[in-house]
Amino acid sequence: MRPEGDPAALGELLRSRRGRLTPADVGLPPGERRRTPGLRREEVALLANLSPTYYTFLEQGRQVRPSPQVLDALAAALRLDGAERQYLDVLAHGRPGAHPAPDGRSEPPPEVLAAGVADLVQRLDPHPTFVKGRRWDVLAANAAARELFTDWEARPAADRNLVRWMFTDGHARQVYLDWEHEARAMLGRFRLATASHTHDPSIAALIEELQRDSEHVRRWWPNHDVVSIGASGVKRLRHPRLGPVGYAHVVLSVTDQPAQTLVTYHAQPDSPSPRPTSMPGVN
């Protein structure tokens, strides 16, 4: 069975992106004085070659199942980027793999990390490496990752979440030299990664907690900003022994558990390279 998506969030996304555009952005005349910023619904419908009534139904969050062609037309009309186009599809149709329970909630099986993947994480030391699950809980981390970020194993099991740590632990601001940029990007990637699991009560609870406990999440979450989950990238991090270090990182999906991802870092050539440590609480 294919999940039904999230019509309410789809409507919010369309309203948000419509509000960011002006007639000049899409080649339309300015028209009469506007009471609110952004395009009118009728203008988006015109650009996407849809009836105004149908488009209004989409914005209202009604149970309408737009075709891929309609979504392509909306993405073009609203000038969506690649990540936003992917997010649009998830909100409209969901993704295979999450089966709604009779009460409308999804009941995913307990998350288990394969022994071979856990072993790989440890063998990649001294390169900081960890695996995060569908909620972005840290399922495994080697000594180098625990030294660089936080000692995940010393934290209570319910507090080993990467996004919660980023937004509610002041130490994250010391680790990430470009904290606001990285935090906003992480939230966008998290939103895109979990968009198809909106009926998972544990993810819904986490999102509620983040909005309750973080001023930044409360401010950014309503914007529906999403960021593609790239296969690689570069970050500037502060290592506790070496100071600022430029790290390149690679992101790999676990084949039989696609919601689990392994992230491994290595110091760039012009940065000092960490060595294995025997610090208490790390090994």
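Some observations on this one:
- Nearest-20 debye value, segment 7-93 charge dipole, Cβ charges on Lys, Arg, Asp, Glu: 300
- Candidates 51, 202, 16, ranked by Gaussian network fluctuation over the chain, Cα under 10 Å, top entry: 51
- For residue 251, the residues whose modelled amide H falls within less than 5 Å of its own, excluding neighbours fewer than 5 places apart on the same chain, are 232.
- Under a model in which nothing but the beta-carbon of Lys, Arg (+1) and Asp, Glu (-1) is charged, the chain shows a dipole of about 620 debye around its Cα centre.
- Over segment 35-99: Rg over Rh, Cα atoms, Kirkwood Rh: 0.99
- Column: log10 I(q)/I(0), Debye, Cα scatterers of segment 115-267, q = 0.14, 0.15 Å⁻¹: -0.67, -0.78
- Rg and Dmax of the chain, Cα atoms only, in Å: 21.3, 70
- Protection proxy ranking of 149-155, 250-256, 159-165, by the mean of other Cβ atoms within 10 Å over each peptide's residues and highest first, is 159-165, 149-155, 250-256.
- Unit charges on C-beta of K, R, D, E only; dipole of segment 115-267, Debye: 280
Values quoted throughout were computed directly from the atomic coordinates according to the rules given, and no laboratory measurement underlies them. What you are looking at is a predicted structure, and each value in this text was computed from that prediction instead of being measured. Glycine also receives a Cβ, built like all others from the backbone with ideal geometry; neighbour counts cover every protein chain displayed.
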